[in-house]
Amino acid sequence: MNSKIVSSHRLFAAFSVFFLISGVFCYSQLRSLYLKDLSILQQSLRQRSDRLDERVRRGVVIVDSLQSTMATQLKQNLTQSPETLEHQENLLENSLKAFPDAMRIYSVGSTKSSFLPKSFPEVHDSSLLLEPFFKLGRPDINPIRSPYWTKSSASQFGNGMIISRAAPVYLGDQFAGVVGVDILINNLMDTVRDETYRGANIFVVGHDRNLLLHPSFNKAPNQNPIAATTALPPELQPHLERILQGKSGQMQSMAGYQVIYYNLQNVPWHSVLWIPESKLWLETVKSSFWSSVVPWLALMTMLGVIVGEVRRRNIIQSNLQLKTIDDLQLKTSELSDTLAQLKQTQAGLIQNEKMSSLGHLVGGIAHEINNPVNFIHGNLKPAQEYIQSLLTLIGLYEKNSPQIIPKIQDYSEDVDLDFIKIDLPMIMKSMGNGTARIREIVLLLRNFARMDESELKTVNLHDGIESTVAILRHRLVGNHRRPEITLKKLFGTIPNVECYAGLINQVFMSLLSNAVDAINDCSAEQLKNNPPTLEIITAMAEDDRIHISIRDNGTGIPDTVIPQIFDPFFTTKVVGQGTGLGLAIAHQIITERHGGKLTCTSQTQMPNCGSTFTIELPVNQLAQVKSTQAILSPQSSRQSSKPTTLR
């Protein structure tokens with residue numbers, strides 16, 4: 001009965017896996033087809049844009065040719081000769097035949113139509129001098145004499161919207177007139193009226209952000225320009241500028257639509273295509289469902305049934321063997337967990353005993369030193385006052401006693417009384433500074449030990465760092481192997497933190513000691529090129545968390561031993577120099593007792609070798625972190641990065 005239940009469950013699991021694989025495959029297929037459809041849309045718009053650009057380019061070529069020809073004829077004073085007029089007439093007629101999209105081609109003099117072909121009587125109208133194409137060529141508006149495009153406008157002949165390409169003509173520095181071509185926008189409408197791909201919408205925008213071409217335009221004249229935003233759905237209308245500021249030819253997804261645009265090369269226009277993403281997905285599914293998805297689903301289902309049946313029979317035949325193997329694996333797992341728990345318990349006991357002894361020792365020494373130092377410090381001030389009184393008395397004797405006694409005079413010179421008067425107050429002041437420094441060290445020792453802080457308390461982490469640095473300061477002093485280690489304390493503005501102060505100081509001690517050891521392991525050449533430096537950085541991070549980084553430029557740690565850095569009793573130091581407990585205990589104090597993180601990055605290659613340990617602590621402890629929780633937990637998680645060195 002049990003084997004049947006196991007078989008049915010596993011068969012169901014096999015079916016579930018195969019259906020999941022089928023679903024993932026179908027989605028990947030649909031996604032691939034969706035991206036292919038987007039590529040087709042990009043290619044379609046690119047082809048339409050190139051076709052439109054090529055047709056407009058003819059107008060650019062004609063205007064450039066006319067500008068050069070007219071300028072040459074003006075320079076040679078040939079504009080009024082019969083041969084020149086006939087040549088101009090033939091030139092414009094041939095240009096008009098070569099550019100069927102043009103409504104008219106013209107050349108207009110600055111004051112009169114002095115060099116206009118007779119076959120174009122409409123251009124003799126003086127009102128042409130008031131049209132935009134002529135105004136934009138004048139020197140006050142176009143001082144650099146460059147060709148230009150006008151904005152779209154209604155044709156004066158009432159046959160639709162036009163846009164003009166024109167260029168100024170000069171005789172030396174004198175403005176002579178304008179040559180140009182009027183393009184009837186209705187003639188270009190076929191570039192957007194062709195059947196678009198699966199409901200995509202295409203339109204063309206001018207540089208004035210007016211709508212030039214749109215499939216909905218008919219042959220009737222459009223007397224007033226239309227804003228390009230009217231060609232977009234309401235969701236996209238506020239984003240027209242954002243669309244046109246994107247990368248030309250690249251699909252943009254916004255407001256549930258896929259949008260792409262291309263910049264035309266020969267005219268300041270933009271061709272834009274948009275399509276709803278939902279519609280594109282629907283078309284993709286409809287076109288590919290029966291051809292790709294259904295056959296694959298059927299195949300995967302059949303394969304799932306076959307594999308499930310085979311699996312069921314194998315399970316029935318090997319049920320007894322699997323049961324024995326499962327039992328062995330369970331026992332092995334239990335023994336492994338027990339061994340890990342014993343190792344961590346042993347490590348915790350050793351470390352707790354060591355830190356307890358150290359705390360009692362430091363606290364006792366601090367107390368014994370504090371009493372006599374307080375006695376000396378407290379009596380220094382009265383002693384200074386007494387000495388000052390005696391010096392004042394001696395000064396009064398010297399001033400008010402007219403008789404000089406030779407014996408006293410000789411003794412004063414022997415002991416150098418004048419020097420004593422100056423040096424004695426300075427000695428007393430130095431003694432005061434010394435006793436104050438001893439009292440400060442005693443206070444730092446007591447702060448480090450924190451023998452009275454077994455519960456959560458709100459403390460200043462900077463005080464804990466300062467006390468730890470004070471204890472380790474002797475290790476920073478230079479010796480015959482290396483120069484003095486430069487200590488940089490880059491303290492940011494951080495609030496007081498709720499924590500176990502004694503345990504946090506223990507973490508600081510371990511990490512700082514390791515950093516000094518890493519620097520001591522550097523070779524003489526490394527120390528010469530990279531002066532030893534130790535940095536302590538504190539900063540406020542997001543989510544009410546504090547970051548404390550301890551960075552050294554020591555030897556770093558190879559990648560091969562990184563996975564083991566937080567294991568109890570693991571060390572790379574020689575026998576007798578390390579227990580392998582420092583990093584393991586520090587990691588568990590931060591992660592398990594305080595709900596924080598301890599991570600590390602390391603570099604072993606010069607010139608950037610060194611490591612950085614980063615402690616992340618919450619300002620307020622989580623509710624589930626109890627004050628009675630053991631330092632070590634059998635199920636402790638290990639988060640490791642690249643450490644500096646192993647301690």
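Can you sort 480, 207, 587 by solvent-accessible area, 1.4 Å probe, largest first?
Values: 480 175, 207 75, 587 5 Å².
If we order 480, 207, 587 from most to least accessible, we get 480, 207, 587.
Spacing of the modelled spin labels on residue 338 and residue 539, each 7 Å from Cα toward Cβ, amounts to 4.9 nm.
Skipping prolines and chain starts, which residues have an amide H placed within reach, meaning under 5 Å, of the one on residue 160, given they are 5 or more residues away or on another chain? Sorted by chain and number, the residues that satisfy this are 155, 222.
What would the Debye equation give as log₁₀ I(q)/I(0) for region 370-522 at q = 0.13, 0.14, 0.20 Å⁻¹, counting only Cα atoms as equal point scatterers? The Cα Debye sum returns log10 ratios of -0.81, -0.86, -1.23. The packing ranking of peptides 423-434, 468-479, 406-417, 42-53, highest mean first, is 42-53, 468-479, 423-434, 406-417, where packing means the average number of other beta carbon atoms within 10 angstrom of each residue. Whole-Hz Karplus values for region 176-181 come out as 9, x, 9, 10, x, 9 Hz, taken residue by residue from phi with 6.51 cos²θ - 1.76 cosθ + 1.60 and θ = phi - 60°; glycine and proline positions read x. Taking 0.36 nm per residue of separation and subtracting the current Cα-Cα distance, fully stretching the chain between residue 329 and residue 35 would add 101.1 nm. The simple Förster model, with R0 at 56 Å and r as the Cβ-Cβ distance, assigns residue 604 and residue 208 a FRET efficiency of 0.35.
The values are calculated or read from the model by the stated rules, or taken from the named source; none is laboratory data. From a predicted model like this one, the values you see are computed outputs, not experimental measurements. A quick note on method: Cβ atoms are made from the backbone with ideal geometry, for glycine too, and the neighbour counts reach across all protein chains shown. These area figures cover heavy atoms from the full protein model, side chains too; ligands, DNA and RNA do not enter into them. Shrake-Rupley method; radii C 1.70, N 1.55, O 1.52, S 1.80 Å.
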